[in-house]
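See below for the structure under consideration.
Just so it is clear, none of the values below were taken in a lab; they were calculated from the coordinates. This is a predicted model, so every value here is computed, not measured.
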Amino acid sequence: MLIGYIIIGGEAIMVYRVLPTSNHETNKLIHLVLHGIALVLGAVGIYFAFKNHNESGIANLYSLHSWIGIGTITLYGIQWIVGFVTFFFPGAAPNVKKGVLPWHILFGLFVYILALANAELGFLEKLTFLESSGLDKYGTEAFLVNFTALVVVLFGASVVVAAIAPVRLEEPQGYVPIPEN
């Protein structure tokens, strides 16, 4: 789920910034496909989480991580379907696309931030289980979990900043650039 929602989903969000000179239709297709892959990986992840819990005798849907996770994948799926129908096939009228686009971007970033927060809850939950079973709080495994969680936060923050940063900065009124000679 981390690879799907955070990494591939993050790359899907940044595709318009990473490939700004590419054909818009190509970027749209890459964006759609990467989010589709992320959604499939998320569904596979949930399947294996339930499978692991059932085989290990662990209750399902007992934690905040699981509740937010189910909500996140549901919202991610809704976002993907609305984006597919509005922007890809059959595609809405241009005025509808123009009206939906800002909401699509906002809701997409909301779902991505929700996935980031849930990943952090997952790291915390895993670390809590490991520590309750005798893991040293300052052991290498604890540092690995914490370091991985920190990398996820930094990656996610960079995706969000890249997504909301202005594409072109306009020069302020009255500003004259310094001559190059």
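An ellipsoid equivalent to the chain, defined through the eigenvalues of its Cα gyration tensor, has semi-axes of 36, 24, 12 Å when rounded to whole angstrom and sorted largest first. The lysines whose alpha-carbon is closer than 22 Å to the alpha-carbon of Lys98, local same-chain residues fewer than 8 away aside, are Lys28. For segment 100-166, the spread of Cα coordinates along the three principal axes comes to 51, 18, 8 Å, biggest extent given first.
Using θ = phi - 60° in the Karplus curve 6.51 cos²θ - 1.76 cosθ + 1.60, the 3J(HN,Hα) couplings for segment 63-70 round to 10, 4, 4, 6, 5, 5, x, 5 Hz; x is entered for Gly and Pro.
Computed from Cα positions, the angle between helix 94-132 and the longest principal axis of the chain comes to roughly 30 degrees. Give the relative contact order (percent, whole number) for the chain; include only Cα pairs under 8 Å separated by 6+ residues. Worked out over the chain, it gives 27 percent. Compare Ala38, Ala119, Ala157 in a GNM of the chain, Cα atoms joined below 10 Å, and give the one with the largest fluctuation. Fluctuation is largest for Ala157.
Computed over the chain with a Gaussian network model linking Cα atoms closer than 10 Å, the most mobile of Gly36, Gly108, Gly139 is Gly139.
Could you tell me what fraction of 2.2 N^0.38 Å the Cα radius of gyration of segment 50-134 comes to, as a two-decimal ratio?
1.49
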